Amino acid sequence: MQAENGFYNTFIRWVEEAGIPAGRSPHGLRKACDRRLAEAGTTAHQIAAITGHATLAEVERYARAAEQAQMARAGMERIGVGTVVPISNPASSPGKGAENTGRWRARRDSNS
């Protein structure tokens with residue numbers, strides 16, 4: 001049986017051995033999986049079944065964010081803007097990746 005932080009420490013060693021930048025965690029990997037599944041159109045129940053979430057509350061948050069992103073892209077494409085990207089708030093999660101503020105802006109493509 002692993003100690004309380006045994007898996008976390010093993011995960012960090014794997015990250016270092018793989019040459020992946022520091023600051024990654026098993027929770028972050030699970031969160032990224034949740035987000036990618038939501039962006040692929042899976043339902044909250046399907047995501048929970050895959051990731052092992054006990055409740056749907058957190059999973060539904062990822063599903064809503066993915067749906068909002070898809071709607072924002074579709075809406076901007078309708079008016080000919082092209083690509084939109086989330087506006088990040090780096091201060092929202094000190095020491096971690098930037099969090100999406102829920103607002104969007106058009107990205108200027110270099111081909112334009």
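Since every read-out is calculated from the coordinates, none of them should be taken as a lab result. Only a predicted model underlies this, so the values are computations on that prediction, with no experimental measurement involved. Quick reminder, even Gly has a Cβ in these numbers, built from the backbone with ideal geometry, and neighbours come from all protein chains shown.
Here are the numbers for this structure:
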quantity: Counted residues, region 19-35 - those being within 16 Å of the chain's Cα centre (by Cα) and either touching a residue at least 40 places away in the same chain (Cβ under 8 Å) or farther than 14 Å from residue 67 by Cβ (or both); calculated: 11
quantity: Conditions (1) loosely packed, with under 14 Cβ neighbours inside 10 Å; (2) under 21 Å from residue 6 (Cα atoms): number failed by residue 45; calculated: (2)
quantity: Criterion violated by residue 15 - all others in (1) out of contact with any Lys or Arg (no Cβ under 6 Å at 6 or more places or on another chain); (2) surrounded by 14 or more Cβ atoms within 10 Å (Cβ to Cβ); (3) assigned to a helix (DSSP H, G or I); (4) not aromatic (Phe, Trp, Tyr) satisfied; calculated: (1)
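Listed here are the residues, each with its yes/no results for (1) out of contact with any Asp or Glu (no Cβ under 7 Å at 6 or more places or on another chain); (2) touching a residue at least 24 places away in the same chain (Cβ under 8 Å); (3) of a type in the set (A, V, I, L, M, F, W, C).
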{"residue": "38", "(1), (2), (3)": "yes, yes, yes"}
{"residue": "46", "(1), (2), (3)": "yes, no, no"}
{"residue": "50", "(1), (2), (3)": "yes, no, yes"}
{"residue": "54", "(1), (2), (3)": "yes, no, yes"}
{"residue": "63", "(1), (2), (3)": "yes, yes, yes"}
{"residue": "70", "(1), (2), (3)": "yes, yes, no"}
{"residue": "78", "(1), (2), (3)": "yes, no, no"}
